[in-house]
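Novice: Quick one: the structure is below, questions incoming.
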Amino acid sequence: MGLSERLKDARKSKGYTQKDLAKLLNVKPVTISAWEVGRNEPSISMLKNIADILGTSFEYLAGVTTEPSTGDKPLSKNQKLVAYSIDPDISDEERKDIIEMVKIAMKNRHRV
């Protein structure tokens, strides 16, 4: 499986459309399409951003490893407190999603 297939699978597993991912990366949807059909490839820095947004590893997208996992560390105490303050009855998976959304928002804030 090459970069184009891995990118498409990772995007779909997160439930993103090409348009969603394009918006998060500040590129046009046609760019995502070109990457997913293998017509073009993202730069290394863009591939790192993609991996972060999709919750996978750069190594997986680049074909270095077959494991899509990022080897996520458990949430830190502060991360758990932030997620808990939003809703004390959420699961660990939901807490991780909240932290991921905060990370994405922070990255997008720096682009403006």
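Novice: ³J(HN,Hα) across the range 43-51 via Karplus (A = 6.51, B = -1.76, C = 1.60, θ = phi - 60°), whole Hz, x for Gly/Pro?
Specialist: Values per residue, Gly and Pro as x: 5, 4, 5, 5, 5, 5, 4, 4, 4 Hz.
Novice: Still on this structure, I have one more. Along each of its three principal axes, how wide is the spread of alpha-carbon positions in the range 1-58, in whole angstrom units, largest first?
Specialist: 24, 24, 21
Novice: Quick check on my link table: of LYS23/LYS103; LYS8/LYS103; LYS23/LYS96; LYS8/LYS48; LYS28/LYS103, which ones sit more than 18 Å apart, alpha carbon to alpha carbon? Mind showing how you got there, number by number?
Specialist: On the way: LYS23/LYS103 15 Å; LYS8/LYS103 22 Å; LYS23/LYS96 21 Å; LYS8/LYS48 15 Å; LYS28/LYS103 22 Å.
Cα-Cα > 18 Å for LYS8/LYS103; LYS23/LYS96; LYS28/LYS103; rest within.
Novice: Oh, and also: Under 5 Å between amide hydrogens, which residues at least 5 positions from GLY55 or on another chain qualify, with H placed 1.01 Å from N in the peptide plane?
Specialist: none
Taken together, the values in this text are just the output of simple stated rules run on the coordinates, not laboratory data. All of these numbers come straight from a predicted model, not from anything done at the bench.
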